[in-house]
1. Using the Cα atoms of the chain, I'd like the radius of gyration and the largest Cα-Cα distance, Dmax, both in angstrom.
2. Could you tell me how many degrees, from 0 to 90 and to the nearest 10, lie between the Cα long axis of helix 38-56 and the main elongation axis, the longest principal axis, of the Cα atoms of the chain?
3. Enumerate lysine pairs in segment 26-151 that are 8 or more residues apart or on different chains, then count those whose Cα atoms are under 20 Å apart.
4. Going by a ≥ b ≥ c, the root eigenvalues of the Cα gyration tensor, does segment 37-116 fall in the rounded group (a/c under 1.5), the prolate group (a/b larger than b/c) or the oblate group?
5. Taking amide H positions as placed in the peptide plane 1.01 Å from N, state which residues far from ARG22 in sequence (5 or more) or on other chains have amide H under 5 Å from it.
6. Percent relative contact order of the chain, based on C-alpha pairs within less than 8 angstrom and at least six residues apart?
Amino acid sequence: MNDKSDANIDLTNADSFPFWSRDRIRFADLDINGHVNNIAFAVYCESGRVHFRETLTARPKPGEKTDFVVLKVSITYIQQGYYPGEVDIGTRVLKLGNSSCTMGQGLFCDGDCIGTAETIWVYTDQTTGKSMTMPDKMRNLLSPYMRGRED
């Protein structure tokens, strides 16, 4: 079963996200120019994805055979972020495929979007390293997150 994605989702709009996380801007996140380094944006996205994943089901235990792995991350940098501060991380599902899930995220500081990201997760057999069809149980857990706050 392939669900279609909505290409009209505005990841810079906070109302597009049904799930939220928060991270803090650390002094170590700054670059030589005194603003948040591009790598820190990736860390904030990871924090949001991990929090999202851990709310769906219990974290897989070492040795469990299936879970998502990241295939691709694409980040768009919109504005600079500064220390001190906090980053609100909006997360939503953009698309569900047979074995993949495309996530959309927005990074917000004081209500302003400083960046967006899209991540492709692939449901994988950890033993073989091969993708596999996502179970209906997982698909059903992810589906509600294809809607934003106002959907």
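1. 15.8, 48
2. Orientation of helix 38-56: about 40 degrees from the principal axis.
3. Count of close lysine pairs: 7.
4. prolate
5. Amide H neighbours of ARG22, under 5 Å, 5+ apart: ILE89.
6. Normalised by residue count, the contact order of the chain is 31 percent.
Only the coordinates and a few stated rules stand behind these numbers; no lab work does. Note that this is a predicted model, so its numbers are computed, not measured.
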